[in-house]
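Shown next, in structure tokens, is the structure this report addresses.
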Amino acid sequence: MKGSIVEVLFTHEQIQQRVAELGSQISADYQGKRVFLVCLLKGSIVFTADLMRHITPPVTMDVMRASSYGSSTTSAGSVKIQTDLDKDITGLDVLIIEDIVDTGRTLNRTLELLKVRHPNSLRICTMLDKPSRRVLDIDIAYTGFTIDDHFVVGYGLDYDEYYRNLPYIGILDPNG
Ligand code: 5GP
């Protein structure tokens, strides 16, 4: 396994508390509606699993997979949708669940693809936001934590596919 954790940014307890807060906010906002969650693989699996248990209106969900090409710690320009949704989202209140928004390219492409399918509403919930790295402007409805420009792992986020199982979010030194 490459690299090492140099700092814990958010503990398991801090994450769980914030996820519960986000769940309450989403539940209040979607009162009387049904929520269709779109989990962006693979990084959002852990966040989606925790968050959906704090959402009280009826929830259905599906997964999507987009990948961007570049080096392993920075995302590059080109985004490809590798796995699309199974279900038609016309008329649904869709909430995209993302692990981290960096340049915004992945979400921009995902939004482009989903908007034309005419959902009733389309919003984004991200666990982490790195606004200093943004290249494309993205409207984010729900954010867990805003962070500085660090490469982070844990709570679903990987480095070379490892570290996703960490219960906390930490800064990785890829050469450490
Ligand atoms: P964007 O398209 O916004 O530049 O990149 C979003 C994707 O890049 C995220 O879903 C994630 O897979 C990856 N990414 C961006 N920043 C980080 C980071 O700090 N750590 C990890 N593990 N992945 C990141």
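Quick look at the values:
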read-out	value
Any hit, the range 66-87, residues being out of contact with any strand residue (DSSP E or B) (no Cβ under 9 Å at 6 or more places or on another chain), more than 23 Å from Arg18 (Cβ to Cβ) and modelled with pLDDT of 95 or more	no
Candidate set: the range 86-115, residues that are closer than 19 Å to Pro58 by Cα and open to solvent by less than 40 Å² (accessible area, probe 1.4 Å); chosen: the one farthest from the ligand (Cβ to nearest atom)	Asp93
Residues of the range 126-154 satisfying the condition of being more than 10 Å from the ligand (Cβ to nearest atom) and either in a loop (DSSP other than H, G, I, E, B) or on the phi > 0 side of the Ramachandran plot (or both)	Asp137, Asp139, Ile140, Ala141, Asp148
Cβ pairs under 7 Å, 6+ apart, first in the range 42-53 and farther than 19 Å from Tyr162 by Cβ, second aliphatic (A, V, I, L, M) and open to solvent by less than 10 Å² (accessible area, probe 1.4 Å)	Thr48/Leu37; Thr48/Ile97; Asp50/Val19; Leu51/Val19; Leu51/Leu22; Leu51/Ile97; Met52/Leu37
Checking Gly43 against (1) in a loop (DSSP other than H, G, I, E, B); (2) touching a Ser or Thr at 6+ places or on another chain (Cβ under 7 Å); (3) surrounded by 17 or more Cβ atoms within 10 Å (Cβ to Cβ), the condition it does not meet	(2)
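The values are calculated or read from the model by the stated rules, or taken from the named source; none is laboratory data. Remember, predicted model here, so these are calculated numbers, not experimental data. Reconstructed Cβ throughout: ideal geometry from the backbone, glycine too, with neighbour counts over all protein chains shown. For accessibility, only protein heavy atoms count, side chains too; no ligands or nucleic acids. Shrake-Rupley method; radii C 1.70, N 1.55, O 1.52, S 1.80 Å.
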